[in-house]
Every structure is written in structure tokens, then in C-alpha cells.
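Worksheet: the structure to be examined is printed underneath.
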Amino acid sequence: AAGVIQSPRHLIKEKRETATLKCYPIPRHDTVYWYQQGPGQDPQFLISFYEKMQSDKGSIPDRFSAQQFSDYHSELNMSSLELGDSALYFCASSLGGGGGTEAFFGQGTRLTVV
Amino acid sequence: AQSVAQPEDQVNVAEGNPLTVKCTYSVSGNPYLFWYVQYPNRGLQFLLKYITGDNLVKGSYGFEAEFNKSQTSFHLKKPSALVSDSALYFCAVRDVYSGAGSYQLTFGKGTKLSVIP
């Protein structure tokens, strides 16, 4: 079965640079979520989109922005990168969102800021 | 606000023995509860969820979880542990009454399960 695809899998950036993470949801899924997981930490919710509109917002820094495109893929744009942004970034998707809907996670993008 | 507590950072169990990974939650309304498993350098895999109905929920790989409203708990269980069950387990909650705009899953800190051969 098709899963959530994230690219790139690994990314190394220098401080103050920008990064773009991409997420391709499971086919027919209309909801995308972004999570950040620091080393040894639980995943922290950043933002979600339902039918290409922002549906919920968590602890996403102002330096980050995201959108969901017409083909339902999503991109997380990160600017003015800081060392503390080094983390595993997960995208998840679901059919419908919220409530009792389970989200299916991709394998993540490991971002290292040096 | 919604929150999840996993009181044990690590659980060790011998192969073939039953396992329990504990989870308690706090929501203002009624909860939707989820368990996910994470293997090293991998994404989170959905195991099971509780929405409503029967308090005992069965999921993937022989796992089950029991919802207890009075104790606000949702402990993950398996009758006979396998070495391959060794992984990081996350409990997560979403508040039913957070409104249509609430999509956020709040995760616990995770419990590392080690199954000893």
C-alpha cells in the first residue's frame, strides 16, 4: 500500500539558511499534518491542512510557513534556520481530519543545522 | 487543553511474558485515544485507537488497549511479548470537544519497550 512520502530524507543546512521539506500524502487523503520531533522528544504538532486550507496551528515558529497544494502535497518552508531547528520532521496524512481519524506518518526528514 | 502522560520511560519484559505500557490522559471533554509505535529512524506506525464503544480495543500485531474513563487511562497490552516488539511507543490524544478546527494530536513522551530474549 502507498504510504506518505517525504523528501528529502536527510538535509544539512547552515545557520540562517532556508530549507524546504516536501510531503506527498497517501492517495485520496485530503489532510496533511506536520510534526517536529527533537532528539529523545515526543512529536510536537506544527500545523495541519485540510482541503488545501490551514485547519489547525500548533507551535510553529514565525520563521516557518507551510501550504498544501492543489494536488494535496504539502511543503514546509523554514527560513533563518537555527541550531535548535535540528530535528526529525514528520508529515502525516489522513482522510478527513481531526476527531477520531488516525494519521499515517511518513518516515520523516532529518534536518541538521550546522 | 489536552495532555498525555506516560509514566514509564522504559519497560523491560521477558519474551513470552505479557506486557503493559501505561498511558493516562487529560482532556476537557471526551477523548479520542491512539497508540503509535516508532522503530529507530522510522516514522510512527499506527497501532490502534479508541473512539467510542467497547472499552477494549484490538489493534495491529496482537496489541490491544483498555480505555478506563474513571482512571483516565488507556494502557497498551499484549498477552505475549516478542523481541520484535522492542521499540518506542507513543500514546496520543485528541479532545472530542476541541471543535471542528482541532486536528492536533498531543503525544506523550514515549515509553521504550525492551523485550529480552
* To do: Among A:F45, A:T18, A:V32, pick out the residue whose Cα is farthest towards the positive end of the charge dipole of the stretch A:9-49, where Lys and Arg carry +1 and Asp and Glu carry -1 on C-beta, about the Cα centre.
  => A:T18
* Quote the relative contact order of chain B in percent (integer), defining contacts as alpha-carbon pairs under 8 Å separated by 6+ residues. => 38 percent
* Structure fact -> Per-residue average of other protein chain Cβ atoms inside 10 Å, peptide A:95-107 -> 6
* Asked: What figure in square angstrom, to the nearest 10, would you give for the accessible area of A:I26 with a 1.4 Å probe?
  -> 30 Å²
* **Cα pair distances of chain A binned at 5 Å [whole percent]** => 2, 13, 24, 26, 19, 10, 4, 1
* To do: Over the whole of B:110-117, what's the average partner chain Cβ count within 10 Å per residue? Rounded to a whole number, please.
  => 1
* Structure fact -> Correct response: the longest run of chain A lacking exposed GluC sites (Glu not before Pro), defined by DSSP loop and at most 11 other Cβ within 10 Å, is A:52-114
* To do: For B:V13, B:V83, give the ranking by accessible area with the largest first, probe 1.4 Å.
  => B:V83, B:V13
* Have a look at the stretch B:38-53 and report residues whose accessible surface goes down by 20 Å² or more when the remaining protein chains are included, against the chain on its own, probe 1.4 Å, ligands and DNA/RNA excluded. => B:Q38, B:N41, B:R42, B:G43, B:L44, B:F46, B:K49
* Unsatisfied cross-links (Cα-Cα over 20 Å) in the set B:K49/B:K69; A:K52/B:K109; B:K58/B:K78; B:K78/B:K112; B:K22/B:K77 -> A:K52/B:K109
* **Between A and B, accessible area buried - total, square angstrom, nearest 100, 1.4 angstrom probe** => 2000 Å²
* To do: Whenever you get a sec, compute what percent of the accessible area on the protein assembly as shown sits on carbon and sulfur atoms (1.4 Å probe).
  => 50 percent
* Surface accessible to a 1.4 Å probe, A:H10 within the full protein complex, Å² -> 130 Å²
* **Surface accessible to a 1.4 Å probe, per residue, for the residues of the protein assembly as shown, Å²** => 46 Å²
* Structure fact -> Looking only at aspartates and glutamates whose Cα falls under 17 Å of A:K15's and that sit 8 or more positions away or on another chain, we get A:D62, A:E82, A:D85
* Taking the Cα centre of the stretch B:3-116 as origin, work out the dipole magnitude from +1 charges on Lys and Arg Cβ and -1 charges on Asp and Glu Cβ, in debye rounded to 20. => 140 debye
* Karplus (6.51, -1.76, 1.60) ³J(HN,Hα), θ = phi - 60°, over the stretch B:66-82, in Hz, Gly and Pro reported as x -> 10, 8, 10, 5, 5, 9, 6, 10, 8, 7, 8, 9, 8, x, 9, 6, 10
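The values are calculated or read from the model by the stated rules, or taken from the named source; none is laboratory data. Computed from a predicted model, the values in this text were never measured in an experiment. Counting neighbours? That spans all protein chains shown, and the Cβs are built from the backbone with ideal geometry, glycine included. Just so you know, the surface numbers come from the protein's heavy atoms only, side chains and all, with ligands and any DNA or RNA stripped out. Shrake-Rupley method; radii C 1.70, N 1.55, O 1.52, S 1.80 Å.
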